[in-house]
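Heads up: the structure comes next, in structure tokens.
The values are calculated or read from the model by the stated rules, or taken from the named source; none is laboratory data. Source: prediction; values computed, not measured. When we count neighbours, we look across all protein chains shown, and the Cβ atoms used for this are built from the backbone with ideal geometry, even at glycine. Accessible surface areas use protein heavy atoms only, side chains included; no ligands, DNA or RNA. Shrake-Rupley method; radii C 1.70, N 1.55, O 1.52, S 1.80 Å.
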Amino acid sequence: MSGPAPEIALLGVRILPECVPPSEQAALVADLRAVARAAPFVQPVTPGGRRMRVRMTSAGRFGWVTDTRGYRYEPQHPAGTPWPPIPPRLLRLWAEVTGLAREPDCCLVNYYDASARMGLHQDRDEADFGWPVVSLSLGDDALFRVGGTRRSDPTRSVWLRSGDVAVLAGAARLAFHGIDRLRPGSSSLLPQGGRINVTLRVAG
Ligand code: MD6
Ligand code: FE
């Protein structure tokens, strides 16, 4: 019997391979379907006016939104309804991974279809960068690129697989990162294919 795969550090970003076992992944997908029923996915527009490739929704006190007015956290879905609560299973994952008593107040849910990607960015809309950001991958494999705190810093890449967790904390909290591409059909977790990425944050 082999245990969970060992933790990896990629330019200071902690990667926990197979952190969430397959049975738990299926339960999380069901939780996230319920979130998406209460707060439907939207394909947001960046402040620069470009429509993002990824579909997004949120749970928790705050949701991350973008439109032509800018990137920010909002207490409501663009439709004007409050975000649903963060699924307890995800709160437990946060507590296990971070060891923190403070709960996250935002759970951003991103859906990638086979051709979606996410450009290199920093997560810097939160009030206090002392709190980590915890990210969970579900579904198809994705090529995750990590750099330093300047856009021009050298980068390294790793394939994130379903159940893997990545943590941006400490010196790597403001590391540039993005998703270059998916490996379509690499997972059977999502019947329609593609990938879900969940990030848990303390936004407020
Ligand atoms: C993704 N991840 O995996 C994109 N952000 O689809 C992120 O943007 C991210 O993995 C903050 C912390 C961890 C992440
Ligand atoms: Fe990010």
Next item on the list: Output the Cα-based Rg and Dmax of segment 70-122 in Å, rounding Rg to one decimal and Dmax to a whole number.
Entry: 14.1, 38
Note to self: If R₀ is 22 angstrom, what is the calculated FRET efficiency for the pair LEU143 and ARG102, using the beta carbon separation as r and rounding to 0.05?
What the structure shows: 0.10
Check: Got a sec to turn the phi values of segment 110-119 into Karplus ³J(HN,Hα) couplings, 6.51 cos²θ - 1.76 cosθ + 1.60 with θ = phi - 60°, whole Hz, x for Gly and Pro?
Finding: 10, 10, 10, 7, 4, 9, 6, 8, 9, x
Check: Percentage of Cα-Cα pair distances in the chain greater than 29 Å, rounded to whole percent?
Finding: 16
Next item on the list: In whole angstrom, note down how far apart the Cα centers of segment 44-69 and segment 79-104 are.
Entry: 19
Next item on the list: Keeping the other protein chains in place, figure out the carbon and sulfur percent of the accessible area of segment 101-193, with a 1.4 Å probe.
Entry: 49
Margin query: Taking the solvent-accessible surface of protein heavy atoms with a 1.4 Å probe, what is the per residue accessible area of the chain in Å²?
Written below: 48
Notebook entry, point to check: So what's the back-of-envelope 222 nm ellipticity for the chain, counting only DSSP H runs of four-plus at -39500 (n - 2.57) apiece and dividing by all residues, rounded to 500?
Noted result: -4500 deg cm²/dmol
Next item on the list: At 7 Å along the Cα-to-beta-carbon direction for both ASP180 and GLU18, put a label point, then send me their distance in nm to one decimal.
Entry: 2.5
